[in-house]
Every structure is written in structure tokens, then in C-alpha cells.
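The values are calculated or read from the model by the stated rules, or taken from the named source; none is laboratory data. No experiment lies behind these values; they were computed from the predicted model shown. Glycine gets a Cβ as well: all are built from the backbone with ideal geometry, and neighbour counts include every protein chain shown. Each accessible area value is taken on the protein alone, full model and side chains, heavy atoms only, with ligands, DNA and RNA left out. Shrake-Rupley method; radii C 1.70, N 1.55, O 1.52, S 1.80 Å.
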Amino acid sequence: MIEKNTDTLSMGFFTTKVNDIVGWARKYSIFQYPFITACCGMEYMSVACSHYDIDRFGAGFPRFSPRQSDVLFVVGTISHKIAPVLKRIYEQMTEPKWVVAFGVCTCTGGFYDNYATVQGIDTIIPVDIYIPGCPPRPENVLDGLMKLQEKIQHSKQAI
Ligand code: SF4
């Protein structure tokens, strides 16, 4: 005979619901840290304009301190010289944190197939969302942002 432990069941229900609520709150309060190095920056800025209105996703307020940010937007070509700086910024961010690779240069190195360029930032830090394009259109960026929100909602929340 198997006895049901009702206390454990109700506790499981409770933590699942709290996880859902925290996930929902986090996905609509994204504080992004823009790490911008190259031409993709122009397109990144255009997403903040009223045409695209990134504020409706709760992500319109960038922070320029890694300790106050939870999403690192890496925008532009990353050279081996600047790679340690990017890694340090990532390490300074507190958990939970996510990383978006913005543009083909950050995703794979793009057409900078040379000794000076990092061939994809996932070789130095973990990446959650890749947004391809040279540069990506604002619609692609919003699509990537919605995918990130989904990921945040479904990630196990540290409460
Ligand atoms: S992906 Fe294209 S637009 Fe973006 S930084 Fe690289 S070369 Fe520039």
C-alpha cells in the first residue's frame, strides 16, 4: 500500500505556483546590460524607438552596471583583446542571469574569420539566445526577446 504524503504534495503545488509567479515577474522586468562594440549597435538602438517599443516587454531600461543587470546583450564584433573584459562583466553579474548574442559576429565571428576575432562568444561565456543577421532587423530582435522571456518563465527560479 502506498501512502500519499499530502504535506509534500501541497508543498510541491505551492513551490510550482511560486515558481510560475516569479518567472512571470522576471520575464517582464529585464534589466539589460548592453555590451556594444561595433555597427550592430545602430540597429540595437533602433529597437528602443517608438516604432518597435521594447518597453512593452519590460526591457526598455538598460543598466550600465553589471551588478544591477540580469541580461547581457553582446552587440558587435568581439576581438580576443576585448574578450577578457566581456568575461569579467559576465562574472560580475549576479544570478540569475542570461546572455543574448546579437548579430552574426557575436554568434560565430561572422565574416571576420581571422586571428583577431572571437569565433562566437559561446567559446568564452554561455549564451542563451542567438539573434542572427548582419545586422539583425528589429523584428528579429523582438523575436529573440520573446524567446528569452519564454526561457526565463520556464527556468527553475532561485527563490
Ligand atoms: S554582424 Fe554585421 S552589422 Fe553586426 S557587428 Fe558584425 S559586421 Fe557589424
Subset of the range 129-156 (residues that are more than 21 Å from Tyr52 (Cβ to Cβ) and in a loop (DSSP other than H, G, I, E, B)): Ser155, Lys156
Residue selected from the range 15-46 under the condition β-branched (Val, Ile, Thr) and at pLDDT 90 or above, by the criterion most open to solvent (accessible area, probe 1.4 Å): Ile36
Residues that are closer than 14 Å to Tyr33 by Cα, surrounded by fewer than 17 Cβ atoms within 10 Å (Cβ to Cβ) and charged (D, E, K, R), drawn from the range 48-94: Arg63, Arg67, Lys87, Arg88, Glu91
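Here's the yes/no breakdown for (1) in contact (Cβ under 8 Å) with a residue 60 or more places away in the chain; (2) of a type outside the set (A, V, I, L, M); (3) in a helix (DSSP H, G or I):
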| site | (1), (2), (3) |
| --- | --- |
| Val74 | no, no, no |
| Val85 | no, no, yes |
| Tyr90 | no, yes, yes |
| Cys105 | yes, yes, yes |
| Tyr112 | no, yes, no |
| Pro126 | no, yes, no |
